[in-house]
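First the structure, in the form of structure tokens, and then the observations on it.
The values are calculated or read from the model by the stated rules, or taken from the named source; none is laboratory data. Since the structure is predicted, the reported quantities are computational estimates derived from the model, not experimental observations. We place every Cβ from the backbone using ideal geometry, glycine too, and count neighbours over all the protein chains shown. In case anyone asks, the SASA skips ligands and DNA or RNA and just uses the protein heavy atoms, side chains included. Shrake-Rupley method; radii C 1.70, N 1.55, O 1.52, S 1.80 Å.
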Amino acid sequence: MHYWEPEIEARPRADLEKLQAQRLQATVAQAAKSPYYSRLLKERNLTPAHFRSPADIARLPFTTKDDLRASFPYGFMAVPVKETVRLHCSSGTTGNPTVIFHNRHDLQSWANLVARSMFAAGARPDDVFQNICGYGLFTGGLGFQYGAECLGCLTIPAGAGNSRRQIKLMQDFGTSVIHAIPSYLPRLREEFAELGLVPEKDTKLRIILTGAEPHSEETRQRLQELFKCKAFNSYGLSEMNGPGVAFECEQQSGLHLWEDCFLMEIINPQTLEPVPPGEIGELVLTTLDREAMPILRYRTRDLTRLLPGDCPCGRTHRRIDRITGRSDDMFIIKGCNVFPVQIEKVLMRVPQVGSDWLIILDTVNGTDEIIVQVEVQADGFKGDLQLLEALRRKITHEVRDEILVTPVVQLVEPGSLPRSEGKAKRVDERRKGRGA
Ligand code: COA
Ligand code: AMP
Ligand code: ZN
């Protein structure tokens with residue numbers, strides 16, 4: 001058996017597009033039950049009957065993260081709250097978070113997509129799966145948990161951190177598949193080395209599923225070399241459930257985007273027009289199988305391109321290239337999304353902070369770090385070291401509360417950060433292997 005769901009995964013394109021058309025119409029009808037889309041459809045005199053083919057999606061405007069936040073908390077909800085069973089929030093927002101609600105159907109559909117994705121990468125029910133990522137509101141935790149259970153794997157909800165314990169779990173239970181973010185994996189490998197162990201001899205590891213942040217093909221090669229097994233790219237975002245939107249199959253040649261559940265467009269982020277097939281643009285997605293909170297034409301801000309041709313695996317769902325970057329200024333550190341303005345907001349609340357600050361993203365001793373250099377006000381830099389240390393700690397603490405990652409805060413003298421002409425450059429990316 002090659003596929004988790006042969007009828008869906010290898011469905012001829014014409015039939016797949018027919019299914020998309022049916023689901024699009026049903027999704028618009030469902031979305032019309034939410035305050036936000038009901039207003040929008042009325043304003044434009046649109047009814048579900050106007051959506052007969054996937055191309056009809058262009059009748060609608062785009063939906064953005066700001067739209068979701070402006071309608072916080074229930075503006076996009078298309079079912080009564082009592083019918084929903086879970087919510088997730090995406091990291092990296094100030095003020096109101098982006099909240100996504102699910103009913104039972106949505107959770108089952110999502111788990112099935114993750115199971116399908118894991119199967120495509122080669123995982124099977126007799127695998128032992130260890131999920132080394134944040135649980136709680138992060139979608140990678142429960143998303144992979146229920147997906148792997150749906151597939152039938154013994155699933156270890158290990159969570160992020162505590163590398164030594166991760167290795168012990170892997171050894172104790174014979175873990176053969178793991179999910180972890182790419183920048184953490186070298187740290188895990190280092191811990192193996194410190195214990196005098198090597199993954200290929202001392203564990204049963206055979207598959208790594210990795211995603212949640214941009215990484216290059218070279219990074220993948222390096223991870224495969226470090227762990228002596230194959231690593232597969234996993235793409236998703238909380239607004240579209242989380243993991244299980246697009247995934248690499250065993251061919252490792254691009255990510256199949258599950259088109260029975262998501263309608264894809266790739267647009268030029270400046271003109272908002274579709275880019276010619278094969279050109280890089282921003283991925284726009286519409287849910288096709290979500291009831292509690294359908295989202296139409298969501299601007300993901302992720303940059304990618306459609307890959308040409310058919311995949312030798314026989315799946316008919318089209319493939320996108322690995323994500324090469326963003327069309328906004330969000331960056332991802334240790335698997336957490338951050339907008340520079342979140343850090344700015346924290347810094348500007350502290351009276352001793354001067355007007356300039358700089359975020360440096362770097363790899364220090366094999367681990368990603370976020371270094372925040374902050375100029376102190378001239379009269380705050382007079383010399384009491386204890387006061388400065390207290391200030392440094394306070395900033396560290398407050399930034400961590402905001403972005404969920406502990407920064408290295410460095411206080412610097414007023415006027416010492418480089419001044420830029422025009423728009424200040426706030427983020428200095430020094431990590432290697434990000435983007436394509
Ligand atoms: N995944 C798993 N473990 C991670 C990690 C990551 N992305 N980033 C760091 N860690 C580990 C560290 O190695 C350390 O454990 P160790 O010393 O035993 O090796 C421990 O977590 C604490 O790391 P540190 O860098 O000191 O903490 P922090 O305060 O900066 O970050 C985390 C805290 C790791 C808990 C936070 O960044 C997090 O939750 N990241 C995971 C996000 C995630 O899973 N996203 C995917 C969503 S799909
Ligand atoms: P979240 O909403 O917190 O789940 O974060 C989703 C974002 O993480 C996406 O919009 C992407 O920017 C990023 N992301 C997820 N998976 C990948 C991947 N495989 N490669 C690159 N970026 C990814
Ligand atoms: Zn394939």
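Pull out a ≥ b ≥ c, the square roots of the eigenvalues of the alpha-carbon gyration tensor of the stretch 254-339, then state rounded if a/c is under 1.5, prolate if not and a/b is larger than b/c, and oblate in the remaining case. It comes out rounded by the Cα gyration axes. Stretched out straight at 0.36 nm per residue, the stretch from Arg44 to Ala378 would grow longer than its current Cα-Cα span by 114.7 nm.
Cross-link partners of Lys382 among lysines, defined as those whose alpha carbon lies under 26 angstrom from its own and excluding same-chain residues fewer than eight positions apart: Lys345, Lys394. Once both labels are positioned 7 Å from their Cα atoms along Cα-to-Cβ, the gap between Val412 and Ser53 label points is 5.6 nm. The candidates Lys82, Lys42, arranged from most to least accessible area with a 1.4 Å probe in the full protein assembly, appear as Lys82, Lys42. Calculated FRET efficiency, Arg13 to Arg104, Cβ-Cβ distance, R0 = 35 Å: about 0.70 to the nearest 0.05. The distance between label points at Asn162 and Asp362 comes to 3.1 nm (points 7 Å beyond Cα on the Cα→Cβ vector). Annotation: Asp66 carries an accessible surface of approximately 100 Å², with a 1.4 Å probe and no ligand, DNA or RNA atoms counted.
Note on Cys313: accessible area approximately 30 square angstrom, rounded to 10, probe 1.4 Å, nucleic acids and ligands left out. With a simple spin-label model that places each label point 7 Å from the Cα along the Cα-to-Cβ direction, the separation between Ser216 and Ala390 comes to 4.6 nm. Solvent-accessible area of Phe247, all protein chains in place: 0 Å² (probe radius 1.4 Å, heavy atoms, ligands and nucleic acids excluded). Expressed as a whole percent, the accessible area of the chain that falls on carbon and sulfur atoms is 52 (1.4 Å probe). Legend: distances between Cα atoms for Lys82/Lys334; Lys65/Lys168; Lys18/Lys42; Lys230/Lys432; pairs beyond 31 Å are Lys82/Lys334; Lys65/Lys168. Taking every C-alpha pair closer than 8 Å and separated by at least 6 residues, the mean separation divided by the residue count of the stretch 112-266 gives a relative contact order of 24 percent. Measuring nothing but how far apart in sequence close Cα pairs (under 8 Å, 6+ apart) lie, relative to its length, the chain scores a relative contact order of 15 percent. Rolling a 1.4 angstrom probe over the protein heavy atoms with all chains in place gives the stretch 252-294 an accessible area of 32 Å² per residue. Return one whole number: the accessible area per residue of the stretch 299-368 in Å², for a 1.4 Å probe. Normalised by residue count, the accessible surface of the stretch 299-368 is 39 Å².
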